[in-house]
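J.: Pasting a structure here, questions to come.
The values are calculated or read from the model by the stated rules, or taken from the named source; none is laboratory data. Here the structure is a predicted model, which means the values were calculated and not measured. Cβ placement follows ideal geometry from the backbone for every residue including glycine, while neighbour counts extend to all protein chains displayed. Ligands, DNA and RNA are excluded from the accessible area calculation, which covers all protein heavy atoms including side chains. Shrake-Rupley method; radii C 1.70, N 1.55, O 1.52, S 1.80 Å.
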Amino acid sequence: MGTDPGKPARAGRGRLAEIFRFALVGGVNTGTFFGCYLLLHPWMPYFAAYSLAFLLSMIGSFFLNTYFTYRTRPTWKKFALFPLTNVTNYLVQSVGLYALVTWAGMDDRIAPLAAAVVAIPFTYLISQRILVPRRAGQDPKDSGPGTETDERQPSRLA
């Protein structure tokens, strides 16, 4: 009963590719967020513009992460849970935004980018947990790209 000596290397490369795709989606999502924020900012208070831009970019992030990052099937359940898990991300960014603008005197057009950087690790861990469910009793290190327990299937919102 031997183990596949290449399995850890394949899993590690798969995880690295997944993190790279997450970073790429994060860059697109950040650009979308910031563009929406700058478009909304002249028309409403900075925090309202921030909140609406965050909501719009979060919807886009859900679809980019399911289809591209984790290559899993989007479902209504995941769609409903995804924003709930981003509450941590929103809180980290909101507190950071408030602190940077109010206490540090940072320009309110740039502060959201700085606050977003701090939230990246939280967002990765939470989105992976929601978008790539593990089977009961599954060891977390035995899941991910290229494993038999991987839930990835052709995509459709169902």
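J.: Cα gyration tensor of region 65-109, axes a ≥ b ≥ c as square roots of the eigenvalues: rounded (a/c below 1.5), prolate (a/b > b/c) or oblate?
T.: Prolate shape, in that a/c is at least 1.5 and a/b is the bigger ratio.
J.: Using a 1.4 angstrom probe with every protein chain in place, what is the largest-first accessible-area order of 62, 34, 54, 122?
T.: 122, 34, 54, 62
J.: Tell me, what HN-Hα J-couplings in whole Hz come from the Karplus equation 6.51 cos²θ - 1.76 cosθ + 1.60 at θ = phi - 60° for each residue of region 111-128, using x for Gly and Pro?
T.: My calculation for region 111-128 gives 3, x, 5, 5, 5, 5, 4, 5, 7, 4, x, 4, 4, 4, 5, 5, 5, 5 Hz in order.
J.: Using a 1.4 Å probe and ignoring any ligands, DNA or RNA, find the accessible area of residue 37 and quote it in Å² to the nearest 10.
T.: Counting only protein heavy atoms, residue 37 exposes about 0 Å² to solvent.
J.: Let me know the Rg and Dmax you get for region 1-134 when you use only its Cα atoms, in Å.
T.: 17.0, 66
J.: For every other residue with a beta carbon closer than 15 angstrom to the beta carbon of residue 20, add +1 if it is Lys or Arg and -1 if Asp or Glu, then tell me the sum.
T.: My count for the surroundings of residue 20 gives +3.
J.: Determine, from the Cβ-Cβ distance of residue 43 and residue 75 and an R0 of 41 Å, the FRET efficiency 1/(1 + (r/R0)^6), rounded to the nearest 0.05.
T.: Once the sixth-power term is evaluated, E becomes 0.75.
J.: At 7 Å along the Cα-to-beta-carbon direction for both residue 13 and residue 104, put a label point, then send me their distance in nm to one decimal.
T.: About 3.9 nm separates the two model spin labels.
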